[in-house]
Amino acid sequence: MATALQNLSTYDSAGFIDISEKRFGLVVAEWNRELTDMLSNGAYETLLKHGAKPENIFRNTVPGSFELTFGAQLLAQHEEMDAVICLGVVIKGDTKHDDYICHAVAQGLTTVGLKYNKPVIFGLVTTNNLEQAWDRAGGRHGNKGVEAAVAAIQMLGF
């Protein structure tokens, strides 16, 4: 398990670019809202910590993780948007729905990023149970939202 080897909230900011004039779109799934709010807060605070202005961070919600792709596309199509960070939580259940959702979101976000030539970040927590999700939404494994914001900053400096 990758997060057992490295905390999601631990990173090296050396080499980060100036993001004070960059615009970030956050697309946050409402399904598992308590968890996704934690992810969103982690991403937002990380962007602010590294110089983003509050007025340049745009938070939008979609019903669930499956809809992250369309939300990302709506934001990414705007030329002034520099990066899009997508945050959601998919917890394995009794059916294989999680496989379909995670695959569709991964493929969809990759496609959107390539189509608009900008970072579209996959900040999806995918776990077997609720406890694991909490561990990755600010618990013992850190916060996937922090990791997603860091990835956006790093990709803007690529």
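The values are calculated or read from the model by the stated rules, or taken from the named source; none is laboratory data. What you are looking at is a predicted structure, and each value in this text was computed from that prediction instead of being measured. Neighbour counts run over all protein chains shown; Cβ positions are idealised from the backbone, glycine included. Ligands, DNA and RNA are stripped out before the accessible areas are found, and what is left, the full protein with its side chains, is counted by its heavy atoms. Shrake-Rupley method; radii C 1.70, N 1.55, O 1.52, S 1.80 Å.
See the values below:
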| read-out | value |
| --- | --- |
| Leu75 vs. criteria crowded, with 20+ Cβ neighbours inside 10 Å, part of a helix (DSSP H, G or I), in contact (Cβ under 8 Å) with a residue 60 or more places away in the chain and among the aliphatic types (A, V, I, L, M) | no |
| Residues being of a type in the set (Lys, Arg) and exposed (fewer than 14 other Cβ atoms within 10 Å of the Cβ) - total across the range 87-111 | 1 |
| Members of the range 37-49 found to be crowded, with 16+ Cβ neighbours inside 10 Å and more than 13 Å from the chain's Cα centre (by Cα), listed by number | none |
| Where a residue in the range 22-35 is at negative phi and its partner, wherever it lies, is of a type outside the set (A, V, I, L, M) and in a loop (DSSP other than H, G, I, E, B), with Cβ under 6 Å and at least six apart | Lys22/Asp82; Arg23/Glu80; Arg23/Asp82; Ala29/Gly64; Glu30/Pro63; Trp31/Gly64 |
| Filtered residues of the range 9-24 (kept if in contact with a strand residue (DSSP E or B) (Cβ under 8 Å, 6 or more places away or on another chain) and surrounded by fewer than 23 Cβ atoms within 10 Å (Cβ to Cβ)) | Ser9, Thr10, Lys22, Arg23 |
| Pair list, Cβ < 6 Å and 6+ apart or interchain, from the range 94-111 residues that are within 23 Å of Val84 (Cβ to Cβ) to residues that are assigned to a helix (DSSP H, G or I) and open to solvent by 40 Å² or more (accessible area, probe 1.4 Å) | Ile101/Phe66 |
| Only listed residue being modelled with pLDDT of 95 or more, in contact with an Asp or Glu (Cβ under 6 Å, 6 or more places away or on another chain) and either closer than 13 Å to Ala152 by Cβ or surrounded by fewer than 14 Cβ atoms within 10 Å (Cβ to Cβ) (or both), chosen from Pro63, Pro54 | Pro63 |
| Subset tally (residues that are open to solvent by 70 Å² or more (accessible area, probe 1.4 Å), closer than 16 Å to Leu87 by Cβ and not in a helix (DSSP H, G or I)) for the range 117-158 | 2 |
| Hey, Glu34 acidic (Asp, Glu), surrounded by 13 or more Cβ atoms within 10 Å (Cβ to Cβ) and assigned to a helix (DSSP H, G or I) or not | no |
